[in-house]
Amino acid sequence: MFELLKEQPADKILSLMAAFRADPRAQKIDLGVGVYKDPTGLTPVMRAVRAAERRLVEEQTTKTYTALAGDAAFGAAMTDLVLGDAVPAARVAAAATPGGTGAIRQAFELVRMANPEATVWVSDPTWPNHLSIIRHLGMKLASYRYFDEATRDIDLDGILGDLARVAAGDVVLLHGCCHNPTGANPSAADWARIIAVLKERGALPLVDLAYQGFGDGLVEDAAATRLIATSFPECLIAASCSKNFGIYRERTGILMAVVPEAGMQAVVQGNLAHLNRQNFSFPPDHGARIVTMILTDPALRADWEAELEEIRTTMLGLRAQLADELKRLSNSDRFAFVGTHRGMFSRIGASPEQVEAMRAKQGIYMVGDSRINIAGLNRDTVPVLARAIIEAGV
Ligand code: LMR
């Protein structure tokens with residue numbers, strides 16, 4: 001049988017991780033995979049996570065199974081973090097998943113179960129794994145214009161024009177904040193217009209919320225998701241705890257389904273649990289329990305929010321420094337977008353050849369589409385990157 005298997009294409013982001021590790025140069029700079037790094041290059045275990053883990057070790061009396069949808073307290077705490085009081089809890093079905101990717105996968109599967117003919121619309125560009133999972137599931141795929149290569153901002157006319165072609169029941173995947181890979185995001189006024197078009201078309205929004213707290217703040221980054229939840233009778237939300245809790249390898253995420261009325265909650269909840277059972281049975285619990293403990297303990301929560309804010313402002317500081325440095329070296333404002341983009345990423349506009357030249361010459365690793373991870377920089381490497389960008393002729 002195995003001879004029938006074809007080689008799979010390498011994941012663009014993950015293969016970059018391996019190439020970076022294999023590079024012997026001491027001055028190399030990793031701006032590839034979306035992982036937060038502190039100024040010393042470490043991805044720290046957050047203080048509140050460490051404290052919660054210690055407490056868990058002391059207090060946990062069993063590791064028997066939880067529930068197919070995960071611990072209900074995790075669902076409640078995450079629903080509150082993401083949705084606040086935007087919709088009544090009775091209208092939300094939720095299931096824990098292995099990471100945000102697991103939530104995305106379960107969301108697509110739920111759609112395929114209910115409406116196999118639905119097309120999934122994704123922004124062009126989007127996170128490459130979105131495309132890969134949709135294709136793997138054999139679902140119909142379409143894309144909407146998103147990014148204006150000239151301004152490095154969103155292409156609002158393109159977004160609205162393409163979304164006007166969505167058919168009723170189609171799924172539209174939206175990045176709730178901190179767009180990956182571009183870093184360019186709709187303003188509140190833009191979101192209102194996007195939502196108006198989607199409502200008119202009868203679309204089902206699916207929000208990917210992987211970076212809540214990395215853009216403008218925990219509440220601010222949830223604003224678009226909350227507006228969507230209140231604007232549509234139903235929507236799906238895939239939230240990740242990997243980045244904002246720094247628990248990447250624990251695989252902690254959640255899929256939420258906002259249903260039109262409380263009477264439909266039970267059947268949707270049952271479907272989420274069923275899908276978990278088919279794919280992996282019980283979702284991972286360790287990370288989810290840590291997150292629940294942090295979100296429900298006032299002292300742990302305050303410490304987590306403070307550290308998350310440090311992370312966010314560190315990234316904003318690096319953005320400002322890089323924008324200033326590029327302004328000085330290019331003697332122009334054409335890189336001002338680096339300062340206005342939000343989240344870990346910015347697509348800086350280098351060609352694949354220029355990306356390759358920066359890797360070969362300066363040991364700077366960025367994704368082939370010129371996405372950089374701002375958190376891979378520190379105050380000393382920002383000027384190195386800025387010089388390399390100008391030298392490469394970007
Ligand atoms: C990224 O885009 O770099 C992250 O979401 C990590 C991943 O799994 O690709």
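The values are calculated or read from the model by the stated rules, or taken from the named source; none is laboratory data. For clarity, every value in this text was computed on a predicted model and none was experimentally measured. Cβ sites come from the backbone with ideal geometry, for glycine too, and all protein chains shown count toward neighbours.
Scanning the range 102-122 for residues that are within 15 Å of Met256 (Cβ to Cβ) and touching a strand residue (DSSP E or B) at 6+ places or on another chain (Cβ under 6 Å) returns Gly102, Ala103, Ile104, Gln106, Ala107, Val111.
I'm trying to understand the selection: among the residues of the range 370-394, which are in a helix (DSSP H, G or I), of a type in the set (A, V, I, L, M, F, W, C) and within 18 Å of Ala357 (Cβ to Cβ)? Before the answer, list the steps.
Keep residues of the range 370-394 that are in a helix (DSSP H, G or I), which gives 374-376, 381-391.
Then drop every residue that is not of a type in the set (A, V, I, L, M, F, W, C), which leaves 374-375, 382, 384-386, 388-390.
The answer is Val384, Leu385, Ala386, Ala388, Ile389, Ile390.
Answer yes or no: is there a residue in the range 38-56 that is without any contact (Cβ under 8 Å) to a residue 60 or more places away in the chain and touching a helix residue (DSSP H, G or I) at 6+ places or on another chain (Cβ under 7 Å). No, the range 38-56 has no match at all. Restricting the range 14-50 to residues that are part of a loop (DSSP other than H, G, I, E, B), within 16 Å of the ligand (Cβ to nearest atom) and not polar (S, T, N, Q), the residue that is nearest to the chain's Cα centre (by Cα) is Gly34. Looking across the range 1-13, the residues that are part of a helix (DSSP H, G or I) and exposed (fewer than 13 other Cβ atoms within 10 Å of the Cβ) come down to Phe2, Glu3, Leu4.
The combined condition, being buried (at least 17 other Cβ atoms within 10 Å of the Cβ), assigned by TED's automatic domain parsing to the domain that holds Ala72, within 16 Å of the ligand (Cβ to nearest atom) and modelled with pLDDT of 95 or more, is not fulfilled by Gly343.
Among the residues in the range 161-172, are any crowded, with 21+ Cβ neighbours inside 10 Å, within 14 Å of the ligand (Cβ to nearest atom) and within 18 Å of Cys235 (Cα to Cα)? No, the range 161-172 contains no residue that is crowded, with 21+ Cβ neighbours inside 10 Å, within 14 Å of the ligand (Cβ to nearest atom) and within 18 Å of Cys235 (Cα to Cα). Looking across the range 141-181, just one residue is in a helix (DSSP H, G or I) and among the β-branched types (Val, Ile, Thr), and that is Ile159.
Among the residues of the range 182-202, those that are within 24 Å of Asp148 (Cα to Cα) and not in a helix (DSSP H, G or I) comprise Thr182, Gly183, Ala184, Asn185, Pro186, Ser187.
Kindly provide the set of residues from the range 283-301 that are more than 14 Å from Phe245 (Cβ to Cβ) and under 23 Å from the mean Cα position of the chain (by Cα), ordered by number. Residues satisfying the conditions are Pro283, Asp285. Within the range 241-286, restricting attention to residues that are among the basic types (Lys, Arg) and surrounded by 15 or more Cβ atoms within 10 Å (Cβ to Cβ), the residue that is nearest to the ligand (Cβ to nearest atom) is Lys243.
Taken over the range 82-101, the criterion of being farther than 18 Å from Val259 by Cα and either basic (Lys, Arg) or in contact with a helix residue (DSSP H, G or I) (Cβ under 7 Å, 6 or more places away or on another chain) (or both) is satisfied by Thr97, Thr101.
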